[in-house]
Every structure is written in structure tokens, then in C-alpha cells.
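Structure record follows, encoded as C-alpha cells.
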Ligand code: SF4
């Protein structure tokens, strides 16, 4: 088979992985080498589905011994198969990188010859690039569930990021849909990678020459809509993953009708809006100081698809509003719909010069369409204050103005970075704003509880 | 400088160069340091849509590299390097009205020092930040969207047509990434280029010419990339609106891949 055909097959086989981030490391080309990595990541193109292409995201092979029902590469699926050699992937990466098509490589693989043999081949690609070719571009390797700790440690030395995909949001669904995998096979590598990252960070604080281990962290992916778990369950799982494994990112991937039809729901369109709302909720947990419990509870187990989750939270908590923009501290400002980390910080710095007035807000990056009903400041038109007293009306107005609510395919996969002016539906483009550290998170009431890891064989599947 | 003492405001005319721009801003700020008073305005000569007002006295400010550098350093020391760099962005945006924004912003920066950028609600600070963000945003975008073609002699040719005159800012980035290659980045809109011969980085004028011929080996690699690009999109998620919002059409011309299957 020629290389062009392999690229077509193995590129297509890799496209269901949502991650394409190239951020989180800074690296420079060593003498005689090539490449580098930028802290904020760089997008090199956008595919026809609107997703950013930063890395050459490809499988080493789509032959697979496993039979995960949700995956197009499962052994029982009849489709063309191909396999690259290690050298072929190395050549492709270098040639593409040199022409500035890509920021680096994201390599995954179907399982052939068992987890260790598969992991060894993935690692060999990264090792060849780093040692023989002195390649300093970004490398993301998939950790194969069940691979031995030694191999993972070796992989972490060459890769910027490692990821193990959980895919199914509960142990019960895993058992049913991915019978060849098990809970420990997934959690053990995540734990090992998490420890490796923490230890290497500590060592490098002592000595700059200590070896790096997956410096851009680890991430994982959850499929949404292939199994019956609700949003509340999914957000709790995400929160527990962030706190247990020090994850950089959880990706959410709308289930596509590509899986085994006898085991999976018959969806006509992928649940893209639901995926989008989950990303927004995830952002609220990481950058806005919201706890999973605050966003969803027993009465509201599912995110409102017509409204962004922050606006939905605000409408359920009228006692919190209006927020006085000239007095409220940063953590409180962050709770206002239409105010993001950047605009909140601008409000705080701007009011040192003069009190913030309604007509200044657009200049500060506040999305007035949404914020207007939740704030108090001088110059505010009286009719808005009246409207704010009627939550149903505000709900309707907000839903009608929600960018994601009005398009059939609202979704985008946000790259690592800040949400721009709190705008839902916008892909996060780090270049729009200078990178800023996550704000401190003073919570208005209570504190974020450390969640139990809400994922395991014993977890009941909610129906 | 007689005009400053007369009652009519001065129009400080800059030539199109960066040095000329900085010198005109420097002259205007030195003549009238009060940001709000506006005893003069700055204009880049040759802008068709800007003409001296009826009561303005035009004053041509010569481009003087030493004066430009001294002014830049003074602003940096008074405020911050980021503030000083913003003037360069305002110049490279090539938007006539931004010359006057640069004057008022520089005056404000001398007045408020490093805190000037915190005053987001001020119309001048707002415009300056916005314009400079647009320029740096495009530079960041081009770091991704630039495509090199390997020529027969092994060197790399990367044509671009940016909105802002910012191609020089790409040099350092690619020098760090491709130190062992020889490459040239060509602003085909302005006829400017920045290149690296493996030892030093240089800039100069380069007339727009037909794209150099592509060798058979290069064509094969481009075909691999096009194949990959087509394979990676999920058809069920097709989203041309989002695609164009992230990557406006005007940047497609020099890509290798074909967005939207075009
Ligand atoms: S192990 Fe499962 S998810 Fe991975 S490629 Fe094989 S079938 Fe797909």
C-alpha cells in the first residue's frame, strides 16, 4: 500500500479523538535539531468540521484486537486497515513540520500484539524523533490501557503529553461496551502518569537539568451520548478526574453513529449542543470557581441546552444578583453571565481610575447582551432593571440571543486557553488575548468539596 | 517649529517608515505633552483619505533612526516595553487613523506611566489595545498558517499576504524553529521579505514574482498533506461557518490544503 493511502485510512481512523492541543510546553531546538513548542500552542489550520489542526493526529495502525462497541476501529467492523512503519511516521512528521503544516505529532494506535507491544512501537516513534532527529516539536502519545509501567515511564520522557481515554463515563458502561478493557487497566496508567508528572516537576524545581516527564500534562476524553449517564454524572466524574489525576484537560466527544448498532443508541445526529454545554460547564469549573454540585443537582441533572450553564445558574440564584460592578470582588464578578476572567480583571483595574459606568462595559469586554440583567452600575438604563425582575422573560431573551442555541452545529473543540470574554460557542483562541494565569477563586459560599472518583465497576448507571 | 507658537494646530507629517512614524509621534508629544489638549495631530503622508484641515499647518518630520530609537527607549523606561511596542503595532497596522491614536496613547503613557493599559475604558487606550491586539493576533495566526514549499535547492519558500506590515516579526520565530534550514518568508502584498541563510537573519525588498516551480518530490509531500487534511474532518460535524471564523478566507490563498474542498 502506498503512503498516500495509509495517510487517508489512518488519518480518518484518528479523527474521533477530540484533542489536538499543542500547548503547555516551551521548548527550543537543540543544536543540529529542529522545532520548538510555544506555551500557548499554535493552530496550523482548521478542518472542514471547524476543528483546529495543530498536530499530525494519526494512528500507527487501525488493526485492533479489541472490540469496543463505540469505536470504528473495533475488530468486528469491516473497514480498510493499514499500518505505518515507525520510519514512515517519523518521516511524515519531519517533512510536515519543516513545511510548517503542523506543530508536532499526536500518535495513537489500535492494539496489536497486546498493550505492551503496541505501547513500545508508539514510544519508539517518539524516541526516534527526539534522539536521532533532535526533534523539539510537540509530541502527544496515547498511553495504551494495560501497558507496563516501565514503558509508560519511557514514553513520558519523550512525549510532551500522554493521555489515556476513559471514553465511557461509568464502569458499568465500560463493561458493557468495551469488554476487553477494565477499570484498573485505565486508572493505573493515569495514576502512574499523574505521579510521574508531579515528581518530575518537583525534581526540576531542584535542578533544571532533571529529566522532564510529560511536561504538558495528561488529558482524557469522554464520549457523550453513547451510554445513559447524565450530565451531572459526567461533570462529577470530570471534577474528580481533575483533582485525582491532576489532568490538564477532559475532552468531551459527541457520540457519532459509527459504532456497533446493536449495542448503541440509534442517533440520527451527534449530540453536539450537549457536548458544547459540557465544555462550557467544564470551563466554569476550571476558570470560574464553580463546583460541579453548583451547576447541576438532583432537580437539574441535565444541562439546559438552550442556555449557557452560567446563565442557567444565575437564573436559579436570583438572590445573588444584581452584582455591584464597582464593589464586587473578582470571584463574584466571575459569576456574572457575560463577564469572563479577562473582563472581570479589567473591571477591577479600571475602577481604580474611575467608577465603572454602563457605557464603559463593552470596551472592557463585557458581553452586555447577557450581563445587562445581572449587574448594577451607574448609567444603567431603567428598563433593564425592570426586565431583570422577571426571570422567565430573561430566560427567553438570553436563550434567543445564545449563539450556540441558534446554530445547528454550535460546537467547537476549545484549545487550551481562556474563554474569550465568556463567549460560549467561540473556539478558544489564545492569540486573541495574551495568556493570563487562572484567577484566584474566592467562592461566594461554601468550598469545593474534593469529589470521590465517580467512576468504577460499582457505579450504577443512571437511567 | 514656528507653527507651534502660532494659533493654528500643527499637522505632524510622517513618511511611511517606522522610524518616520515614531519621529512624528515624538515631535507631536514633545510639542504638546498634554494627552487631552490636542494642539496637533499626526498623520502619515501619502494616506489618501487623510488631508490637512483648513487651519492646520503641516510640518514634515524627517525619519531619523536615532531619534526614533531614543523616543522608543524613553517611552519604554517611562511606561513598559509592551507599551512602547504597541506603537510599532499601530504603525504596522497601516490604518491612517491610528497615527493620531499613537500620539494620544504615547502622551497618555508618559502621563500615567506603566499603569496606562489598565485604563481600558479610556477611548484612546481602548483603541490602541484593540489595534495592537489585532496585529499581534495576526502574527500569531501566521505562525500557524504560513506554509513553506521546498525548492529544488532544498531551501524553503513561504509566501504570505498579511493585513499588517508584520512579516519581519515572523523571522525570529522561524529562526528558532528551523535553524538548520535556509528559508525566505515573502510578503507578496508589500514586496517585502525576511530570510535566514543558516547563519543570519535579514530583511529587504523583494518584488512579487510567480511562485517558484514545485519539484515532483515536493508535489508528493503536498499531496500527502492534502490527503491528511481531507481525512481528518468528521463529515457529520461539518461546520464551514466556524471554519471561516477561525481561518478567514483571505488567508487561504497560500495554503497547501483546500478548505471546504475548494
Ligand atoms: S482498543 Fe478499542 S477504542 Fe482502541 S482502537 Fe481498539 S477498538 Fe478502538
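So what does log10 I(q)/I(0) come out to for chain A at q = 0.09 Å⁻¹, using the Debye formula with one equal point on every Cα and no solvent?
At q = 0.09 Å⁻¹ the computed log10 ratios are -0.62.
Considering Cα pairs under 8 angstrom that are at least six residues apart, work out the relative contact order of chain A and quote it in whole percent.
It rounds to 14 percent for chain A.
Of the peptides A:126-133, A:73-80, A:290-297, A:42-49, how do they stack up when ordered by the mean number of other Cβ atoms within 10 Å, highest first?
A:42-49, A:290-297, A:126-133, A:73-80
Any idea what Rg and Dmax come out to for segment A:113-213 if you just take the C-alpha atoms, in Å?
Considering segment A:113-213 through its Cα atoms, Rg and Dmax are 14.8, 47 Å.
When chain B is treated as a GNM, springs tying every alpha-carbon pair under 10 Å, which of B:169, B:32, B:200 comes out with the largest mean-square fluctuation?
The residue that fluctuates most here is B:200.
What ranking do A:16-24, A:105-113, B:188-196, B:215-223 get when scored by the average of other Cβ atoms within 10 Å per residue, highest first?
Descending mean neighbour count gives A:16-24, A:105-113, B:188-196, B:215-223.
In peptide B:144-153, what is the residue-averaged number of other protein chain Cβ atoms found within 10 Å of each Cβ? Intermediate values should be presented prior to the final figure.
On the way: counts 16, 6, 4, 5, 4, 1, 3, 0, 0, 0.
That average works out to 4.
One-quarter of the Cα convex hull surface for chain B, in nm²?
Average projection, Cα convex hull of chain B: 17.3 nm².
Using the 2.2 N^0.38 Å rule of thumb for compact globular proteins, work out how segment A:3-270 stacks up: its C-alpha Rg over that value, please.
Relative to the rule-of-thumb radius for its length, segment A:3-270 sits at 0.97.
Using only Cα atoms and rounding to the nearest 10 degrees, what angle (0 to 90) does helix B:18-31 make with the longest principal axis of chain B?
20 degrees
Provide a whole-number value for the mean count of partner chain Cβ atoms within 10 Å of the Cβ atoms in peptide B:238-251.
6
How do A:190-201, A:303-314 rank on mean C-beta neighbours within 10 Å, highest first?
Values: A:190-201: 18.2, A:303-314: 23.4.
The peptides rank, most packed first, as A:303-314, A:190-201.
Principal axis lengths of segment B:146-254 from Cα atoms, whole Å, largest first?
Computed over segment B:146-254, the largest-to-smallest principal extents equal 48, 33, 28 Å.
For segment A:87-121 and segment A:183-208, what is the centre-to-centre distance using only Cα atoms, to the nearest Å?
A separation of 23 Å, based on Cα centres.
Hey, what angle do you get for helix A:272-287 against the long axis of chain A, alpha-carbon based, 0 to 90 degrees rounded to 10?
80 degrees
What is the helix-to-structure angle for A:149-158, meaning the angle in degrees between its Cα long axis and the longest Cα principal axis of chain A, kept from 0 to 90 and rounded to the nearest 10?
Rounded to the nearest ten degrees, it is 70.
Taking beta carbons within 10 Å but only from partner chains, what does the mean come to for residues A:216-224?
Working: counts 0, 0, 0, 0, 0, 0, 0, 0, 0.
Going residue by residue through A:216-224 and averaging, the value is 0.
Taken together, the values in this text are just the output of simple stated rules run on the coordinates, not laboratory data. Quick caveat, the model's predicted, so the values are computed rather than measured. Cβ sites come from the backbone with ideal geometry, for glycine too, and all protein chains shown count toward neighbours.
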